[in-house]
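Comments concern the structure below.
The values are calculated or read from the model by the stated rules, or taken from the named source; none is laboratory data. Here the structure is a predicted model, which means the values were calculated and not measured. With ideal geometry, Cβ positions are generated from the backbone for all residues, glycine too; neighbour counts draw on all protein chains shown.
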Amino acid sequence: MQDVTGQVEKEESTEQFIASLSHEIRSPLNNVKMVIDILTSKRAGDLNKTQEEFLSIADKDVDIIIHTMDELNELVDLGSGKRRFEYQWANIQEPF
């Protein structure tokens with residue numbers, strides 16, 4: 001029998017690091033998203049076309065980062081056994 005205590009501690013440490021990192025990134029991103037929403041709704045004043053385009057790009061990029069963090073958290077959950085794959089039959093002849 002082999003002692004796996006070190007490996008378990010390492011995995012738990014990695015999970016904690018990723019959860020902390022996700023939280024630390026997500027919090028300011030949510031604030032950025034809120035400011036973008038306020039600006040694009042013109043509650044803070046009118047925007048010119050260039051400003052609208054820049055805000056649209058920033059909004060999409062924030063969404064991509066948030067989605068990436070969600071996927072990273074899902075991978076950690078799968079690796080730790082907190083989440084499991086759910087297999088389903090699919091008809092591959094039908095288009096998606």
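Structure values in brief
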| item | result |
| --- | --- |
| Enumeration of residues in the range 1-38 that are of a type in the set (S, T, N, Q), farther than 20 Å from E71 by Cα and either modelled with pLDDT of 85 or more or under 19 Å from the mean Cα position of the chain (by Cα) (or both) | N31 |
| Members of the range 22-34 that are of a type in the set (A, V, I, L, M, F, W, C) and in contact (Cβ under 8 Å) with a residue 24 or more places away in the chain | I25, L29, V32 |
| Residue list for the range 61-81, restricted to those being touching a residue at least 40 places away in the same chain (Cβ under 8 Å) and over 13 Å from S22 (Cα atoms) | G79, S80 |
| Verdict on S41 being hydroxyl-bearing (S, T, Y), over 13 Å from I66 (Cβ atoms) and within 14 Å of the chain's Cα centre (by Cα) | no |
| Cross-chain or 6+ apart pairs with Cβ under 7 Å, the range 35-49 first and farther than 14 Å from D63 by Cβ, then in a loop (DSSP other than H, G, I, E, B) and not aromatic (F, W, Y) | I38/A44; L39/L47 |
| Number of positions in the range 46-79 that are over 18 Å from the mean Cα position of the chain (by Cα) and in a helix (DSSP H, G or I) | 8 |
| Hey, Q93 within 30 Å of E11 (Cα to Cα), over 23 Å from the mean Cα position of the chain (by Cα) and part of a loop (DSSP other than H, G, I, E, B) or not | no |
| Candidate set: the range 1-45, residues that are among the basic types (K, R) and in a helix (DSSP H, G or I); chosen: the one surrounded by the fewest Cβ atoms within 10 Å (Cβ to Cβ) | K10 |
| Test: V62 is of a type in the set (V, I, T) and modelled with pLDDT of 90 or more | yes |
